[in-house]
1. Can you give the calculated 222 nm mean residue ellipticity of the chain, where each DSSP H run of n ≥ 4 adds -39,500 (n - 2.57) and the sum is split over every residue, rounded to the nearest 500 deg cm²/dmol?
2. Give, in nm to one decimal, the length gained when the segment between residue 204 and residue 166 is fully stretched (0.36 nm per residue of separation minus the Cα-Cα distance).
3. Calculate the radius of gyration of the Cα atoms of the stretch 3-217 to one decimal place, then report Dmax, the largest Cα-Cα distance, as a whole number, both in Å.
4. Expressed in nm to one decimal, what extension gain is obtained for the pair residue 31 and residue 152 from 0.36 nm per residue of sequence separation less their Cα-Cα distance?
5. For the stretch 3-217, calculate the relative contact order in percent as a whole number, restricting contacts to Cα pairs under 8 Å that are 6 or more residues apart.
6. Any chance you could run the full-extension gain for residue 2 through residue 79? It's 0.36 nm times the residue separation minus the Cα-Cα distance, nm to one decimal.
7. Applying 1/(1 + (r/R0)^6) with R0 = 22 Å to the Cβ-Cβ distance of residue 218 and residue 197, what FRET efficiency is obtained, to the nearest 0.05?
8. Pick from 140, 20, 191 the residue whose mean-square fluctuation is largest in a GNM of the chain, springs joining Cα atoms under 10 Å.
């Protein structure tokens, strides 16, 4: 299987990527991913939207592409993602973690695994410009396509109302330790990837996580 990881950190987020980068590159090297950083993104949309374009570009050449947000740190990368060739044969299009929060059960695409079956859906996400300036940006567009409601008016908690939705049925939901969010209830007992979103001191906490990551990186 041809696998790739892509990320970017633009503007003030470049500092976050500098902290996260060693864990990303070590994970890619350990588990045979090609590693990419988008040096620039477009200016026609808020920056988070361009993760969609990054994934589309990679899926032209790779069987599986993983987007990692720049405010993640892989604190334990000894194991690869629990996805095998046979998993994709079963019809999975994408994989991510669901956060159980005050906003509802929210799939989070800042650690987003896609295979080539996801290509038409990524294009549909990109086309949902009604969410251009939604607070969750492309994630709101993705959740709409997955059958979630309460997105336009942010009338929390959001909920999934159509379990026969094609994209929802073909989503693999990973264990919470692959993307640990401060609002997760309950908090996972163990973390593989820590996510600094909503932390008031992202730089400081990410530096702590990066120090923790040195244990497996240097093992």
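Here, each number is a calculation from the coordinates, and none is a lab measurement. The shown structure was predicted, so the numbers you read here are calculated from the model rather than taken from an experiment. We place every Cβ from the backbone using ideal geometry, glycine too, and count neighbours over all the protein chains shown.
1. Counting only the DSSP helices, I get -9000 deg cm²/dmol.
2. On the way: separation 38, 0.36 × 38 = 13.68 nm, distance 4.05 nm.
Here the segment from residue 204 to residue 166 would lengthen by 9.6 nm.
3. Expressed in Å, the Cα Rg and Dmax of the stretch 3-217 come to 16.2, 44.
4. Extending this stretch completely gives an extra 39.7 nm.
5. Numbers: 379 pairs, mean separation 53.4, N = 215.
Result for the stretch 3-217 is 25 percent.
6. 26.0 nm
7. Efficiency at R0 = 22 Å is approximately 0.25.
8. In the Gaussian network model the winner is 191.
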